[in-house]
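Here's the structure we're looking at; comments come further down.
The values are calculated or read from the model by the stated rules, or taken from the named source; none is laboratory data. Everything quoted here is computed from the prediction, not taken from an experiment. Reconstructed Cβ throughout: ideal geometry from the backbone, glycine too, with neighbour counts over all protein chains shown.
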Amino acid sequence: MDGSPRLLDELRSLPTLDALVGAIGARNMTPGWIRRAKPILWHEMKSEFVPAHWRYAEAKAAMQAAGRLIGTDLAERRNFVMRNPIPGNDTATLRTLVCAYQSILPGEKARSHRHAPHALRVILDSRGSYSTVQGEKTPMETGDIVLTPGWHWHGHGHDGGEQAFWFDGLDVPLTHLLEPMFFEEHPQGWEPVETAVDVSPMRFPWADTQRALDKARADNEGHFGPTIELPAPTMPTITIKVHKWPSGWRNRPYRRAANTVYVVMQGSGTSRIGGATFDWSFGDTIAAPAWLEIEHKASADTVMFSMSDENLMKWSHYYRIEALG
Ligand SMILES: [Fe+2]
């Protein structure tokens, strides 16, 4: 197969379609017109992932056991990854996102590392825990949202008196898909603290979020309710929003080409995601695969965090949304 004029003549004069398919197959090409087990194009988005719900109360109880059973000396991070329950998957929560519940005990330090994937945290129960990101130490108090953009050194510690718990969200499955994974442990184990601050672009304190939500406006279509978007320009693959849903609020149902994970920061209610019904309360996580019908109903005043690949889909010009009712 040297591309000689004789060989090219032979290819040009192949006598049958079967011979042609065989000849290009030998060159690692497949005809675009054959039937494939998985076609190249299809009519409508259908995520391979399924709607799912994780209860914080259960994760927290299990974390309390983990606090007894494994230390940060053995577990770089003491966390429970929320795998989407589809065959063969032990990591991803949705196509582009992975989530975990994580915990740290008083006095512990989770060693510093850095990785290509972008990460964020929603602090569920903490008084006195903190993150150090690129040498900057910031508090992690209940209700805070904390950013760790890709390739930023980060470690966690705890100066308080009670076990702390939070939700982690990362774009690891997207990194797996695109393949630019890099990971490094800090050469000193724990990155030294250079400055300690309360105000940082890496931290959205609970009080600030509540103030912003009080002024937030709802979308005209009635899909999302009063919503703020938290600025995270250094981690553009993850869209971070917080919604405020008063007791009794329900949305106008929709589906959209974006994968969304919800975390209940306050309140309780019910969501129907693609026909699956989940009753949720504080700290719970709900995974909504793209293009499934989404309906929410708040049964108490609710603050709902969401992370999604909405801006990534928009940047790609893949985003679309459809009202369903
Ligand atoms: Fe990390």
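Select from region 103-117 the residues that are of a type outside the set (Gly, Ala, Ser) and at pLDDT 95 or above and write down the one among them that is farthest from the chain's Cα centre (by Cα). Checking each candidate, the answer is His113. Exactly one residue out of Thr72, Thr142, Thr148 is within 16 Å of the ligand (Cβ to nearest atom), at negative phi and touching a residue at least 40 places away in the same chain (Cβ under 8 Å): that is Thr148.
Candidates Lys109, Lys137: the one that is among the charged types (D, E, K, R), within 15 Å of the ligand (Cβ to nearest atom), more than 30 Å from Pro51 (Cα to Cα) and surrounded by fewer than 24 Cβ atoms within 10 Å (Cβ to Cβ) is Lys109. Put simply, of Pro5, Pro39, Pro51 the only residue that is at pLDDT below 95, within 27 Å of Gly275 (Cα to Cα) and not aromatic (Phe, Trp, Tyr) is Pro39. Is region 233-244 home to any residue that is closer than 13 Å to Ser306 by Cα, touching a residue at least 12 places away in the same chain (Cβ under 8 Å) and part of a loop (DSSP other than H, G, I, E, B)? So far as region 233-244 goes, yes, one or more of its residues are closer than 13 Å to Ser306 by Cα, touching a residue at least 12 places away in the same chain (Cβ under 8 Å) and part of a loop (DSSP other than H, G, I, E, B).
Here is the figure for region 112-130: residues that are touching a His at 6+ places or on another chain (Cβ under 7 Å) and within 10 Å of the ligand (Cβ to nearest atom) total 3. The residues in region 165-197 that are under 21 Å from the mean Cα position of the chain (by Cα), among the small types (Gly, Ala, Ser) and more than 12 Å from the ligand (Cβ to nearest atom) can be counted, and the count is 0.
Within region 151-164, the set of residues being within 15 Å of the ligand (Cβ to nearest atom) and more than 13 Å from Pro117 (Cβ to Cβ) comprises Trp153, Gly155, His156, Gly157.
For region 1-87, please list each of the helices (runs of 4 or more DSSP H) lying entirely inside it that holds at least 3 residues being in contact with a strand residue (DSSP E or B) (Cβ under 8 Å, 6 or more places away or on another chain). Passing ranges, in order: 56-69. Restricting region 75-106 to residues that are within 23 Å of Trp190 (Cβ to Cβ) and of a type in the set (Gly, Ala, Ser) leaves a set whose member that is nearest to the ligand (Cβ to nearest atom) is Ala100.
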